[in-house]
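A quick write-up on the structure given underneath.
What follows draws every value from the coordinates through simple rules; no lab data is involved. Everything numeric here is computed off the predicted structure, so don't read it as measured data. For neighbour counting, all protein chains shown are included, and Cβ atoms are generated from backbone atoms with ideal geometry for every residue, glycine included.
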Amino acid sequence: MATLSGHAQHRQASGGSATPGSSAQAVPKPPVLTTQHPLVAGPAPLPLPAPIAIQRRVIVLDPAHGGSDAGAQISDTTAEKDVTLALAFRLRAMLAARGFTVVMTRDSDAPGGGGLTLDDRAGVANHAHAAACLVLHAGSSGDGVHLYRSDLDAVSAEPTVPPWLTAQAAWIPQSRLLQREIASALARSGIPLVIGAVSVRPMDSLTCPALIVELAPADEDADSINQTGYQQRVARAIAGALLVWESRVQAPPQLSVAASTITTLATQSGRTALHP
């Protein structure tokens, strides 16, 4: 509803209108429109920023662990950090052959996992605006591939400043669809599959369709996890699924919130989802 400015209201109440020809004639101020988000008390909502376009030909790979962080011990001779990096290299080659640009959070076994914390890895992923972010893990239990999405409760839209630890919540519907796409491709390739949901970092802080891909051994021999043919089959199935996914991925809508709420969210979370 349009309202009069305080100055105009005062002049109207006092009856003090300027006389014709007076040099001090008052110029009425334009009406001020006041609206509020139905769920938020306070100032009017800020205009939404232009949506960030998803880079459909960009994929983020996060090979977990690295350096002094060996991760799980798969066998006497195999550490998780080595399996995740090997799988990442195979995936990168498969994706590059299909025209994708691949962003890797580490591409060596440098001390400390390349010097990146979990928050650093999430920051790298979020700045890429990728069509998919895959966090690669490995384990000795079971066989085939274990495919997990975040266990966060989904929200209907992404706030202008997503809280850091739950930024993935707005992307859960897209992550579910990506999980189905990759699961179908793995099943068609005859690779044993476990599907589930977990809440772990850095996945919960990602602003992209995100999954954990945990590679388990190909058979009862734990070291079969290192077989070139096995890893190639897994990488080929995932790369093929991402080629289909490229045309289907969509960004979630953004939620308009009041300026005071944006400030509160940023203060409470300590970080935004893009800037750890």
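For ARG236, what charge total do you get from the other residues with a beta carbon under 15 Å from its beta carbon, if Lys and Arg give +1 and Asp and Glu give -1?
+4
Within 15 Å, Cβ to Cβ, of PRO192, how many net charges do the neighbouring residues add up to if Lys/Arg are +1 and Asp/Glu are -1?
Net charge around PRO192: -3.
In whole Hz, what ³J(HN,Hα) sequence does region 231-243 give by Karplus (6.51, -1.76, 1.60; θ = phi - 60°), x for Gly and Pro?
4, 5, 4, 5, 4, 5, 5, 5, 4, x, 5, 5, 5
Read phi for every residue in region 178-185 and hand back ³J(HN,Hα) as whole Hz from Karplus 6.51 cos²θ - 1.76 cosθ + 1.60, θ = phi - 60°, with x for Gly and Pro.
Working through the residues one at a time gives 5, 4, 5, 4, 5, 4, 5, 5 Hz.
What number comes out for the charge environment of ALA210, summing +1 per Lys or Arg and -1 per Asp or Glu over other residues with Cβ under 13 Å away?
So the environment of ALA210 carries a net charge of +1.
Among TYR148, TYR230, what is the fewest-to-most ranking by other Cβ atoms within 10 Å?
Listed from fewest to most nearby Cβ atoms, that is TYR230, TYR148.
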